[in-house]
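Visitor: Take this structure, written in structure tokens, and hold onto it; I'll ask about it next.
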Amino acid sequence: MFKHLLVPTDGSELSRHTAAKAIAFARETGARITFFTALPDFPVSFSEGYGITDPGTRARLVASAEAQGRAILDPLVAAASAEGVVASAVTAACDTAHEGIIATAGAHACDLIFMASHGRRGIGALLLGSETQKVLTHSKIPVLVHR
């Protein structure tokens, strides 16, 4: 049925738990996994024609974010491999996580997005928004939400 899962993660306990469930699902169905984490996009800021930061600042911020992304993703790839599941990891800088998730799913020909929901309700959901809800709203491929 599903052969290639995209499993977005933010490194939280909930995301790690969901990744473990995705690994079990992939093992049972013979699917492979692409784990994904969104990195912040660091735009260059200018004020009256002069850069606010020195030229190396953006490069250092990007390198640091990529290292943090690898620290989140590499253990998940190892866990999947230990269970006999083919897995890879992708990071991408994006303006919003949901756009990054959807774009990555399309770019890697995933046929299912398997993701967590923090389950925020009420004012928390209104103020913080829900990346899961945005993915559900905008994705053209199926989304499995694990809670």
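Visitor: Once amide H atoms are placed 1.01 Å from N in the peptide plane, what residues at a sequence separation of 5 or more from CYS94, or on another chain, have their amide H within under 5 Å of its amide H?
Guide: Sorted by chain and number, the residues that satisfy this are LEU39, ASP41.
Visitor: What FRET efficiency would be calculated for the residue pair ASP111, ALA59, taking the C-beta separation as r and a Förster radius of 25 Å, to the nearest 0.05? If you can, show how the numbers build up before the last one.
Guide: Working: r = 36 Å, r/R0 = 1.43.
Taking R0 as 25 Å, the efficiency between ASP111 and ALA59 is 0.10.
Visitor: With all protein chains present, calculate the accessible area of HIS108 using a 1.4 Å probe and round the result to the nearest 10 Å².
Guide: Accessible area, nearest 10 Å²: 70 Å².
Visitor: Any idea of GLU13's accessible area? Nearest 10 Å², probe 1.4 Å.
Guide: 120
Visitor: With a 1.4 Å probe and all protein chains kept in place, how much accessible area does ASP10 have, in Å² rounded to the nearest 10?
Guide: Rounded to the nearest 10, the figure is 80 Å².
The values are calculated or read from the model by the stated rules, or taken from the named source; none is laboratory data. Fair warning: this is a prediction, and the values are worked out from it, not measured in the lab. Cβ: placed from backbone, ideal geometry, glycine included. Neighbour counts: every protein chain shown. In case anyone asks, the SASA skips ligands and DNA or RNA and just uses the protein heavy atoms, side chains included. Shrake-Rupley method; radii C 1.70, N 1.55, O 1.52, S 1.80 Å.
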